[in-house]
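Below you'll find the structure, written out as structure tokens, and then a few comments.
The values are calculated or read from the model by the stated rules, or taken from the named source; none is laboratory data. None of the values given here were measured: they were computed from a predicted structure. Neighbour counts are summed over all protein chains in view; Cβ atoms, including those assigned to glycine, are modelled from backbone coordinates with ideal geometry.
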Amino acid sequence: MSEKLKIVLVDDQNLCRSGLSELLGNCYGFAVLGATGSIDELRVLLREQPDLLIMDLRMKPLDGLSMLEQIRREGCSIPAVILTMSDSEVDLTNAIRAGVRGYLLKDMAPEDVVDAIRRVAAGELVVAPTMTIKMIEMLRGDQRGQEPKNSLKLLTEREREILQLLSRGESNKAIAQTLAISYDTVKQHVRHILNKLNLSSRVKAAVLFTTEQNTSNNDDAPPRY
């Protein structure tokens, strides 16, 4: 990561844009390149090569995921985080499937939003704590009436290593380069991972890994009084 994380904010409400811009602008290590609610203005800001997009979900005339899909089709691969008021499981599911790196809620404490953005920049997939149970339900959606089978304990050490990289949004090609193995070997491992976890997509596998990691970290944390 560069000296400062370069961020573009996308929200159709002026108050939200200015508030978030002030919050992040006052934090060490962040540089807000600009804020907009328009896809045309966003295209201009993308020329500045930001490191991260922070986007609202429900905007007019174009909602956040539709805007993200459109710039993806135009070749933009910049990681995106959703920051929204919506705690809908459907919105969470659609956002994860769209490949966002974080799903945060606007009622989170400012310091938690900042921390979550830093974690995304470090390569994590981050979901608002209150959305964790909805994320678990999303994972179980394809398994109604089946025996649960998606424990990471079923994976080999190499498969867990690949899943960890996958959860950071790495492509098969990037994983192959990182681990010094062939592209086809990575594809085979990913297939085995999905079969063992009884999951239908690599996105769900990444979400499962993140969820179990977060649960494990919470279990290890000292109790609060």
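Could you count how many residues in the range 42-67 are in a helix (DSSP H, G or I) and free of Cβ contacts under 8 Å to residues at least 12 places away in the same chain?
Residues meeting the conditions: 2.
Quick test of your reading of the structure: Ile117 fulfils all but one of (1) closer than 23 Å to Asp87 by Cα; (2) at pLDDT below 70. Name the failing condition by number.
Condition not satisfied by Ile117: (2).
What number of residues in the range 205-225 are at pLDDT 75 or above and touching an Asp or Glu at 6+ places or on another chain (Cβ under 9 Å)?
0
Look through the range 55-97, keep the residues that are at pLDDT below 90 and β-branched (Val, Ile, Thr), and return whichever of them is surrounded by the most Cβ atoms within 10 Å (Cβ to Cβ).
Filtering the range 55-97 for residues that are at pLDDT below 90 and β-branched (Val, Ile, Thr), the one surrounded by the most Cβ atoms within 10 Å (Cβ to Cβ) comes out as Ile96.
Take the conditions of a type outside the set (Phe, Trp, Tyr) and touching an Asp or Glu at 6+ places or on another chain (Cβ under 6 Å) and apply them to Gly123. Does it pass?
No: the conditions fail for Gly123.
If we keep just the residues of the range 124-182 that are closer than 20 Å to Tyr103 by Cβ and of a type in the set (D, E, K, R), which is modelled with the highest pLDDT?
That would be Glu124.
Considering (1) under 22 Å from Val120 (Cα atoms); (2) touching a residue at least 24 places away in the same chain (Cβ under 8 Å), say which one Ile39 fails and leave the rest.
(1)
When you scan the range 68-79, how many residues do you find that are part of a helix (DSSP H, G or I) and under 16 Å from the mean Cα position of the chain (by Cα)?
Total meeting the criteria: 3.
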